[in-house]
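See below for the structure under consideration.
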Amino acid sequence: MILVTGATGTVGGEVLRRLPAHLAVRVMARDPSRVARPGCRAEVVAGDYGDPCSLGRAVEGVGRALVLTSRVGGDDDARFVDAARAAGVRHLVKVSAAAVADSGADDVLTRWQRRNEDLLLGSGLRWTVLRPRSFMSNTLSWAVSIAGEQVVRGLYGTSLNACVDPRDVAAAAVCALTEDGHEGRIHTLTGPEPISAVEQTAQLGRLLGRPLRFEELSLRRARVLLRERYPEPVVEALLAGAERQRAGAKAGVEDTVGRLTGRAARSFRTWAEDHLGAFGAVPGAAGAGR
């Protein structure tokens, strides 16, 4: 039995879609009705990290589990590891972040992920850690301004990030969940090349067939806009990450996706072509102006 957590999110949902149909799969979700299940025969159970009883039910009889948590600073990982250990789960596959390996990263997000990794490595269970770089899907936050103003706004637009397609992260997770040989391994996952927000904007414009403009934000304005969406510690963590990116800390490329899956990591262009509808593309007209 494989347990998938985070199935209503970007990576967990992709993992659920990619797991072979012949495997026994269980999904844990706070709201089972939100789990997309077209053609999926997985068992879906209600479970909450804050409810030890529901966690115990979710991990009962499970051999391997995908661990995805999002409550920054919380103890969700600790609760899950405790429940998994008590239930005899053999192997946990944890989605972490590439920043954990950066000695210059000391923000609240990275410290939280480091703490979760240390917890897992000291749990006595078999483990695999996936450390993805930023998701290409983060650019979906530009959709409103692209549709309404033909503009993308951001901080340090020419800085480079070897961002990764979430589908490649999911494919790597499926490998770790279904194959032997990943125990005790840390896999850093990136795209095939570093790319800047300015170039992403240009590529989207070419694919959409209309000119898009990148507008550089001041640090002050970026902070104001982030505060509309995130609590202060997370805002400062994101700004610190932007500074590290400007210094080149996120430009390194790894070939891990290819080694694990046998297929090269997807480019941003490929990801964008597959998601043009989210940016207001007219059906049948996508790709104009290539």
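When the Cα positions of V100, A21, S54 are compared along the charge dipole of the stretch 9-114, A21 comes out farthest toward the positive end, with charges on each C-beta of Lys, Arg, Asp and Glu. Counting only Cβ charges, +1 for Lys and Arg and -1 for Asp and Glu, the dipole size of the chain around its Cα centre is about 440 debye.
Would you tally the net charge around D274, using a Cβ to Cβ cut-off of less than 11 Å, leaving D274 out, and scoring K and R as +1, D and E as -1? Here the charged neighbours net out to +1. With contacts taken as Cα pairs under 8 Å at a separation of at least 6 residues, the stretch 1-160 carries a relative contact order of 17 percent.
One way to sum up the overall shape of the stretch 156-203 is the equivalent ellipsoid from its Cα gyration tensor, whose semi-axes run 30, 11, 6 Å, largest first. Putting +1 on Lys and Arg Cβ atoms and -1 on Asp and Glu Cβ atoms, find which of G248, P32, L66 reaches farthest to the positive end of the dipole of the chain. Comparing the listed Cα positions along the dipole, P32 ranks first. Take the Cα of T270, step 7 Å toward its Cβ, do the same at R30, and the gap between the two points is 3.4 nm. With every protein chain in place and a 1.4 angstrom probe, the accessible-area ranking of R26, R115, largest first, reads R115, R26.
Rolling a 1.4 Å probe across the protein heavy atoms gives the chain an accessible surface of 46 Å² per residue. Solvent-accessible area of C163, all protein chains in place: 10 Å² (probe radius 1.4 Å, heavy atoms, ligands and nucleic acids excluded). Based on C-alpha pairs under 8 angstrom that are at least 6 apart in sequence, the chain has a relative contact order of 18 percent.
Rg/Rh, computed from the Cα trace of the chain with Rh as the Kirkwood radius, has the value 0.97. Taken over the C-alpha atoms, the stretch 13-101 has Rg and Dmax values of 13.2, 38 angstrom.
Charged neighbours of I186, selected by a Cβ distance under 10 Å, balance to +2 (K, R count +1; D, E count -1). Here the accessible area is traced with a 1.4 Å probe on the protein chains. For the stretch 65-147, carbon and sulfur cover 50 percent of it. Taken over the Cα atoms of the stretch 15-160, the convex hull encloses 155 Å³ per residue. Annotation: amide H-H contacts under 5 Å for E215 (H modelled 1.01 Å from N, sequence separation of 5 or more, or interchain): V152, R153, G154.
Charged neighbours of M136, selected by a Cβ distance under 15 Å, balance to -2 (K, R count +1; D, E count -1).
The values are calculated or read from the model by the stated rules, or taken from the named source; none is laboratory data. In this text the structure is predicted, and so the values were computed from the model without any measurement. No Cβ is skipped: glycine too gets one built from the backbone with ideal geometry, and neighbour counts run over all protein chains shown. All accessible areas refer to the heavy atoms of the entire protein, side chains included, with ligands and DNA or RNA removed. Shrake-Rupley method; radii C 1.70, N 1.55, O 1.52, S 1.80 Å.
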